[in-house]
Every structure is written in structure tokens, then in C-alpha cells.
Amino acid sequence: MCGIVGAIAQRNVSPILIEGLRRLEYRGYDSAGLALVGDNGLQRRRAVGKVAALADALAASPLDSRLGIAHTRWATHGVPAERNSHPHASRTVAVVHNGIIENHEALRTRLIDAGYAFESETDTEVVAHLLQQQIDAGSSLRQALCAILPELRGAYALAVIDANSPDHLLLARKGSPLVLGVGIGEHFAASDALALLPVTNRFVYLEEGDIAELRASGYEIFTADGTMQQRPVRTSTLSPDAVDKGPYRHFMTKEIFEQPVALAQTLQGRTAHGRVLEACLGPQAEALLARVRNVHIVACGTSSHAGMVARYWFEQIARVPCQVELASEFRYRNPVIAPDTLFITISQSGETADTLEALRHARQSANVAAALVICNAPESSLVRESDIALMTHAGPERSVASTKAFTTQLMALALVMLLMARRSGAIDAEREAELVAQLEAAPRLVEDVLAQNDRIRQIAESLLTKQNALFLGRGPMWPVAMEGALKLKEVSYVHAEAYAAGELKHGPLALVDEDMPVIAVAPRGDLLDKVKSNLQEVRARGGELLVFADAEAGFRDEPGVTVFGMPHGAELTDPIVYTIPLQLLAYHVAVLKGTDVDQPRNLAKSVTVE
Ligand code: HGA
């Protein structure tokens, strides 16, 4: 989603702002802009498209300044166009904003009546005029910001500057993340610390309701009523090139190939001698989990698929009732939460707006015994608001289409499930050791699949002319099929749907002909024969089959049937390992089609708006 970068220093900040925006490009955006305070007052440069276009505009007429704010926009209100790009300005004031101002229409009407002229269709522009209105009435920028924030309904991360106050920059946070970067004689701001790694590794994460005033020499954090706040300074261990593509052409392939290491990192220090260590959920976990008799999982997109896989595990192995639900649905209904529920949220960024609101919604029920988040960002809002956090340790994920976040979420969910299974008495020590050994084998099995990348690239060529694809799976492989279909849609723009294989004859079989490839994930197991029958049904109607199956499962290549032999896995590893070829398939189709793989059209990473 949108990215914010801000800087106040004793050197020219425009290269810092542009580099910061580049580092946020992975989030997906449609336009970019910056505002700087220089000798000629407030100057803006904005461009539709990539940050490179903004950098070109800046190079064509360079600006030298010690104070500035910058933004990558993912439009919610108003089409992507230069006039709608941030920063928005009102005479001497400029604003960048992530989020949505829900009452913008009423505020806009009021401001127009007061004589302020609007140049954009965005909700954000009201903030610039509201600030200027206060300043016109004699307020300082700081007073103006404190005065207008209570008027704004919705969510925001804001960075604002005023050309008449070139010695400070102000920030405010409610519902969208914002971090302050601490330098020596210079200070920075960003929506994600990664943007600032070239200039500092010391960060202060703003909390809900925080306002910050940054000067070159220092900063203050306070609330709208003026109460000062102390927030810890955290030192990041991430290296500045954590966001480089390395030898890879795209972040998506880099992240697919990082999965063996990422999965090993998720496991590291959390199992020993065939046991999951309870300590992996933190010191209060034992007491909180003691009460748990039900599991309710809430997530969006790819993370919801991880939750759906885990539901099979929780019920099949741990014998604990488990529900899974989309956060965007859960937050707007009046749910009945079963007594003694472990409420699990899953989010790569920990900032997914719907998931965060779902957690807050669930908190209203006394039946939530504990809230656990599975997350890849330790300083995120979901981590802060949950009782227990299990970090995936996947490392930064830059591709909009999630890959390593998904498989590491599965690994983390398996750990939670095993703890619950032991607690409920559903598994004994021997079975736990067997299941832990399965998890420990996952990185190696994933490597075996990655080694067959070239074969998947060849298979992708055969899909290039197809407009549609049908993915099939049964049991926990059904959500894996959903994840495969989602990846193909996201990065290659091929329409893809996933069905539980048993549903085939209840409708989707009508779609099957020579133009509809059917992709099945069919590891060995109790359901294999049933999947085989489904596949016969497809072949009988001329549908082309691509089957991912255990090399020992007995499928053979034949006309119309391509079999991709998978390594021999097990119940906990199959969903992880079978996801890999589906990710690679989507990637190669996208590359062959020439799409913008890492930033697919219309999509954004870390969906911080509803
Ligand atoms: N509502 C603003 C900002 C959108 C945003 O935060 N996207 O992630 C706009 O449409 O410009």
C-alpha cells in the first residue's frame, strides 16, 4: 500500500527521500511524489507510475532542501493521476497520508464554503486545507495538527510540513503504521523501517494516537491533548541490502528460493529432541493456553489459505474444534465465539487493516481466552495488540504476491497445533517426535522441488495461451490449490479457480474442455484414489491435466496428462512442499507473459486500508 518517507537534516534530503520510496516500491503503488521546503518555499514534484519517473522529474529540475516528505500512492479515493498524487498542499502546507479519511466529504464541503479550493478528488486533501485553515487563524503547525486530528474519522499515518516552519516535520498515527528514524543531527520518518535502513538503524515505532515533532536535533512524541509520551528506541539488525534482489531477476523468485532457509528459521530454537518447546510462544503462553478448548482463525488472502490448511491439522491431529474465517467478513458480523477460544490472526505485515479490526472486534467477547498472532513483522500493530506472537522469521518479503510468508505461516501454525495436540492429549511423545521430524524435513524437501525449476518453466510454456485454469485438491491440499490459483491470478492475470476435487461434478466440470487446463495437487494418502477418479472425469472431457503427485503414486505421463513427480513427503509437509511448484508455475507464466511480477497491476502489499 502507500508508502511514506520524511526527512529533516543538515544535508540535502531529496536523495534520501527517493531512495526511501524505492525501498517501498514492493508494496505496490500507482504514483509517487515529494514536497521539499527550499529557498523558494514549498516545491512539489509528482508523477504517475514508477518512482523512477519521479526521480527523472527531479533530475530534470533538481531541488536542494533540508526538509521534505515523500509518498507512493495506492489510490483509494480518486484515479491515479498527478493531481491526486501526494503530497497534497494548501498554500504553505504539504501533507502525505496513508489510510482513509472517512468523513472527507463533510469536511470538504465545509472547507469549500470557507473558501478553500480543491485540486484533487482525494480524501487526503482535506487534511492540508484543515491545517492551513488553523494556521491562517494564527496556530503553529503543531497546534494546527493537534486541533484537527480529533476531527478526522478513519485511519491515517500523516507526515506534514509547512514552508513557514522549515525547522520541523510533524507525524501522526492512527490505524496505519509509522516509524521515526533516529540519526545524528538528522531525523527521518517512514511507514516501514526498511525505507530508512541506508540512513539509520535506530527506530521509534509510533503507537496509536501518537503525534511526533521531528527536528534535525531531536524529536518529541505526544498526544493530541499535549501529553508527552516516551517510546523505546529499537536497533534493527536488518542490513540495508535486505531489500536487494541479489542474483535474482525478481523479488518473487528470490523469495521462492529463500524458502528452505526461511522455513529452517521458523523452526530454529522451537523444537528440541522431537518436541515443540512451549517457550516458543513466550512466558505467559502456558497460563493462557491452559484454558483453550477451541480455535478460531481469522486472516485475509494468502494468510487465510494458511489458516484453512491449519484447520485440518487442528481437528485431525490435535482434535480441537477449529473455525477459519476471512477477517473482512468477521469484523462486520456479530459472531458467536465458542467458550475458551484461542483467537489466531495471521498476517505477513501485522498491519492488515481488516485483520487488525477483526482482532479488536473479537476482543469484545469474554470467550476469547487468548489472542495469538502469526506474523513476520515484530514491531507491527497485530503483534502489539495480541497476547502471544509467534514470529515466522521469514525475512523481509518484497514481492506483492506472498510466497515465503505463506509456507512459514504453515510451519508456525503446525507448531501451535502440536502444542495444543500435546496439551489435549491427542498425541503422545512418540507421535509428536514423528510429526516434529516431518517439519524438520520440510526445508530439504522444498530444496528438492526448487531443483526442478527448469522443468516447471517448460510446463509454464504450455499454459501460456490459456485464459483460465482450474486447480483441484482434497483435504488440506484444497487450500493449497486455492493458493496456487491465487498466485496465478495475482501475477499472470490468468483467471484461475480452485475447487475441492469432490466438487468437480457438482458444477465446474461443465467448464472443462481442451481450453481449460486442470491442475491437481495429489500427494499420496487416503484420498489419492478419489483424486484419481476425478482426474479421469477431466480426461474423459478432453481437459488437459497437470498433476503434482508423489513420484511413487503411480501417475504416468500420457497424452493430455503431464505428471510432475514430487518428493515423498508426509501429512505436515505436503501442504508446504506442494505449494512450491504452484508458486514457480505462476511466476514463470507471469515472466513469459511479461507482467510486472513483483508489483502486479492494481495490487498492493501490506493492505493497511479496508
Ligand atoms: N486515501 C488516500 C491514501 C490511500 C492509501 O493509503 N492507500 O494505501 C488516497 O486515495 O490518496
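All of the numbers you see were taken from the coordinates with simple rules; none came from a lab. All values reported here derive from a predicted model rather than from experimental measurement. Glycine also receives a Cβ, built like all others from the backbone with ideal geometry; neighbour counts cover every protein chain displayed.
The antiparallel fraction among DSSP beta bridges confined to the chain stands at about 60%. Placing a label point 7 Å from the Cα of K505 along the Cα-to-Cβ direction, the residues of region 538-566 with a backbone N closer than 18 Å are 538-543. The trypsin sites (Lys or Arg not before Pro) of region 520-573 that meet both conditions, a loop assignment by DSSP and at most 15 other Cβ atoms within 10 Å of the site Cβ, are R541, R556.
Scanning residues 5 or more positions from R275 or on other chains, none has an amide H under 5 Å from its amide H, with H placed 1.01 Å from N in the peptide plane. Enter the Cα centre distance for the pair region 412-459 and region 500-563, rounded to the nearest angstrom. What the calculation gives is 25 Å, centre to centre. Hydrophobic, long helices, defined as DSSP H runs whose alpha-carbon span along the helix axis is 20 Å or greater and whose mean Kyte-Doolittle value is at least 0.0, occur in the chain at 404-424, 429-450, 477-492, 574-593. If you plug the beta carbon distance of A117 and R291 into 1/(1 + (r/R0)^6) with R0 = 60 Å, you get a FRET efficiency near 0.55. A Stokes-Einstein calculation at 20 °C with viscosity 1.002 mPa s, built on the Kirkwood radius of the chain over Cα pairs, returns a diffusion coefficient of 84 µm²/s. Work out the FRET efficiency for T223 and E440 from their Cβ-Cβ distance, taking R0 = 60 Å, and round it to the nearest 0.05. The calculated FRET efficiency here is 0.80. Note on region 16-146: Cα-only Rg and Dmax are 14.6, 41 Å. For a label point 7 angstrom out from the Cα of S61 toward its Cβ, which stretches of region 25-47 have the backbone nitrogen within less than 17 Å? Output list for this probe position: 33-47. Separation of the alpha carbons by more than 20 angstrom is noted, of K404/K532; K50/K605; K404/K466, for K404/K532; K404/K466. Taking 7 Å steps out from each Cα toward its Cβ at E537 and E447 produces label points 4.0 nm apart. In region 134-189 the Cα-Cα distances spread across 10 Å bins starting at 0 as 20, 48, 29, 3 percent of all pairs. Partner aspartates and glutamates whose Cα lies under 16 Å from the Cα of K593, excluding those fewer than 8 positions away in the same chain, are identified as E461, E490.
Along region 387-403 the Karplus relation, 6.51 cos²θ - 1.76 cosθ + 1.60 evaluated at θ = phi - 60°, assigns HN-Hα couplings of 6, 9, 10, 10, 7, 7, 6, 7, x, x, 10, 9, 5, 4, 6, 6, 10 Hz to successive residues, with x for each Gly and Pro.
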